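The values are calculated or read from the model by the stated rules, or taken from the named source; none is laboratory data. Just so we're clear, the structure is a prediction, and the values are computed from it rather than from any experiment. Note that each Cβ is placed from the backbone with ideal geometry, even for glycine, and that neighbours are counted across all protein chains shown. SASA here: full protein model, heavy atoms, side chains in, ligands and nucleic acids out. Shrake-Rupley method; radii C 1.70, N 1.55, O 1.52, S 1.80 Å.
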Amino acid sequence: RVASFGCFFMCNYSFTQMSFGGGMVVISVLNQKGGSGKTTIATHLSRAFQLVGYDVLLIDSDPQGSARDWAAVRDEQSVPVVGIDRPTIERDIKAVSHKDLIVIDGAPQAADLAISAIKSSHLVLIPVQPSPYDIWAASDLVELVKQRIEMTDGRLKAAFVVSRAIKNTKIGAEIQAALEGYGLPVLASRITQSVAYPSTAATGTTVLDAEPNSNAAQEIRDLAAEVLEVLN
């Protein structure tokens, strides 16, 4: 079981303890298939780390600009969001190297943008819905990620996140084995199908702010904690 989110910080986990030279950490949330929950995970992870004191920037690399639209709903948006929707992310990102952490919301159906995001990253999270079609559709991205892992001698980390899962369903239980067949780890934390996510997105906020005691908010805290565990 993943430790509570608070424990990770009370126990003095910090980005300076990670094996990246104490510098900025970059997490990409990628899946070339639309509807996988990338923007939901990217916005919520950004806010989760910000709430515990990290200086976070969310980069929207999707030309459709979903994360930018989310940010624009609120006049006083707490999570800073910038758009870099061209395949120069690994170069452009150097201009914001003073941040503790950058989260990249990936673009669907754009291999050049995915490659650029992968090159920029310390960790690639691949959200996948529990359906055979979504599992099959992940194969091309997994190949790109594995090529980069090999090129960096394993310095790049990657993992699947089960997203938009429906509780107590058979396919939800079977997805673990199916994804493990790709040879990448599958995080224990899962993001379930909940009206709380689109409801808070419509107001430019997150479940952590609007419904901090909800199951959805706990899912996000668990995911954030597990992400730190992978990176550390």
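Mean residue ellipticity at 222 nm, helices only, the chain: -12000 deg cm²/dmol; runs of at least 4 DSSP H residues each add -39,500 (n - 2.57), and the sum is divided by the number of residues.
Taking the 1.4 Å solvent-accessible surface of the chain as the whole, the part contributed by carbon and sulfur is 50%.
Once C-alpha pairs closer than 8 Å and six or more residues apart are averaged by separation and normalised to the residue number of the chain, the relative contact order reads 26 percent.
Using a 1.4 angstrom probe, figure out how much accessible area region 30-86 has per residue, in square angstrom, rounded to the nearest whole.
40
Net charge near Thr205, counting Lys/Arg +1 and Asp/Glu -1 over other residues with Cβ under 9 Å of its Cβ?
Local charge sum for Thr205: +1.
Each peptide in 32-43, 75-86 was scored by the mean count of other Cβ atoms within 10 Å over its residues; highest first, the order is 32-43, 75-86. Answer with a single label: of (1) 1.10; (2) 0.93; (3) 1.53, which was calculated as Cα Rg over 2.2 N^0.38 Å from the structure in view? Label of the calculated value: (2). Peptides 112-124, 53-65, 130-142, ordered by how many other C-beta atoms sit within 10 Å of their residues on average, highest first, read 112-124, 53-65, 130-142.
Just add up the charged neighbours of Thr192: K/R +1, D/E -1, any other residue whose Cβ is under 9 Å from the Cβ of Thr192.
Numbers: positive: Arg164, Lys167, Arg190; negative: Glu219.
That works out to +2.
Please give the net charge around Ile84, taking every other residue with its beta carbon less than 9 angstrom from that of Ile84, where Lys and Arg add +1 and Asp and Glu add -1. Spell out each step's value before the answer.
Working: positive: Arg86; negative: Asp60, Asp85, Asp92.
Counting the neighbours of Ile84, the net charge comes to -2.
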